[in-house]
Amino acid sequence: MNEKIKIGVSSCLLGNEVRYNGGHSHDRYVTGTLGQYFTFVAVCPEVEAGFGIPREAMRLVGDPEAPRLMTTKTKKDCTAKMMSWVKPRVKELEKEGLCGFIFKKGSPSSGMERVRVYTDKGMPSNRGSGMFARAFMNHFPLIPTEEDGRLNDSALRENFIERIFALRRWRLMTAERKNPGNIVAFHTAHKLQIMSHSIKHYRDIGRLVAQGKKLDIQSLYEQYETLFMQALSLKGTVKKNVNVLQHMAGYFKKQLSKDEKQELQEVIEQYHQFYTPLIVPVTLMNHYVRKYDQEYLKKQHYLNPHPIELKLRNRA
Ligand code: SF4
């Protein structure tokens, strides 16, 4: 579990000089902060597909759902050359066991979304995805993906990193022999995390697990993984977190004094009113879980979904 988690990254974000002009787009948050926990598989579609450095800049042209990759000045169509590399490369990445991918924003090869696509007359719209990024996301729909620009948004960043750590735990569990008991244990430890994203998924997954013994084991694992990763991709709001925190508070009805209960409610309410970040009520909850050795809650990944040093719950 302490091994670094493997994720894919657009090569230029790591500081590699692979851009069309021989430059890079080094992202220090990726290499400096995330690099402490993640190990990177670098992918530069344009260099790996054989376009060289330096090379003429390219852009997407035509239908945003199925655009062509064209050089900007000489108008050379590079689609076939790129796609003949994309298909086997995406397949090859299956072997890497990636738990996420960080793409380079805006790139006609690597951009995840809102990439400019031009009409044949040169009018742009922001409706495309880079050719490699699109193929990757289609092939691995459950692997968390983000791009460098969106990682500056604290909510998106937290959600992305939370999903990477969750997928890693799932992969570690599925590496063991498949049986319904392992799914039950995994699900029990993730109930509150799922609840903090989607009550609907919490109920649907609960039903799936309850029927587990009647289902084909392979199908159970596949359905669970799909629902679990879909649940976590939904935004965790203050309201949803307050619901989870109140649910947890219910476990301490007997142990906490009147004053402690009041303090806990005040701390949850301060978070509810956006005066304090999530880490504040979660820290108090962790304190009580430890103090009263609360068996069920101490196994909940909701309380520690990712390393505290990443400070992902410190925004109000
Ligand atoms: S955006 Fe993608 S294709 Fe362009 S230099 Fe970076 S990794 Fe290579």
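A few comments on the model shown:
- FRET efficiency for the pair Arg315 and Arg207, taken as 1/(1 + (r/R0)^6) with r the Cβ-Cβ distance and R0 = 35 Å, rounds to 0.55.
- In this simple spin-label approximation, Lys73 and Arg28 carry label points 7 Å from Cα along the Cα→Cβ vector, and these lie 3.4 nm apart.
- Going by neighbour counts of Cβ atoms within 10 Å, the residues Thr276, Thr39 line up, fewest first, as Thr39, Thr276.
- Rg/Rg_ref, the stretch 33-179, where Rg_ref = 2.2 N^0.38 Å and atoms are Cα: 1.14
- Quotient of the Cα radius of gyration of the stretch 191-252 and 2.2 N^0.38 Å, N being its number of residues: 1.23.
- Counting Cα-Cα pairs of the stretch 123-249 in 10 Å increments starting at 0 gives whole-percent bin shares of 11, 38, 32, 15, 3, 0.
- Modelled label positions at His247 and Tyr275, each set 7 Å beyond Cα in the direction of Cβ, lie 2.6 nm from each other.
- Amide H contacts under 5 Å for Phe38, placed H, 5+ residues apart: Ile5
- The chain - charge dipole about Cα centre, Lys and Arg +1 at Cβ, Asp and Glu -1, debye rounded to 20: 360 debye
- Angle of helix 238-249 to the longest C-alpha principal axis of the chain, folded into 0 to 90 degrees and rounded to 10: 30°.
- His190, His287 arranged by Cβ crowding within 10 Å, fewest neighbours leading: His287, His190
- Principal axis dimensions, the chain - Cα atoms, whole angstrom, descending: 75, 47, 35
- Positive-end ranking of Val86, Met70, Val41 along the dipole of the stretch 1-131, with charges on Cβ about the Cα centre, is headed by Met70.
- With contacts taken as Cα pairs under 8 Å at a separation of at least 6 residues, the chain carries a relative contact order of 13 percent.
- Reduced Cα scattering model of the stretch 43-82, Debye log10 I(q)/I(0), q = 0.14, 0.32, 0.35 Å⁻¹: -0.29, -1.18, -1.24
- Between the helical axis of 258-272 and the longest alpha-carbon principal axis of the chain there is an angle of about 20 degrees.
- Cα centroid of the stretch 204-248 to Cα centroid of the stretch 142-160, whole Å: 21 Å
- For the chain, calculated [θ]222 nm from helices alone, where every DSSP H run of n ≥ 4 adds -39500 (n - 2.57): -13500 deg cm²/dmol
- Fewest-first ordering of Met285, Met131 by other beta carbons within 10 Å of each residue's beta carbon gives Met285, Met131.
- Of Asp63, Asp77, Asp216, the one that fluctuates the most in a GNM where the chain has Cα springs shorter than 10 Å: Asp216
- Note on the stretch 207-285: Cα convex hull, mean projected area over all directions, 7.0 nm².
- Cα centroid separation - the stretch 2-57 against the stretch 83-129, whole Å: 14 Å
We did not get these values from a lab; they are worked out from the coordinates using the rules stated. What you are looking at is a predicted structure, and each value in this text was computed from that prediction instead of being measured. Please note: Cβ atoms are built from the backbone with ideal geometry, for glycine as well, and neighbour counts cover all protein chains shown.
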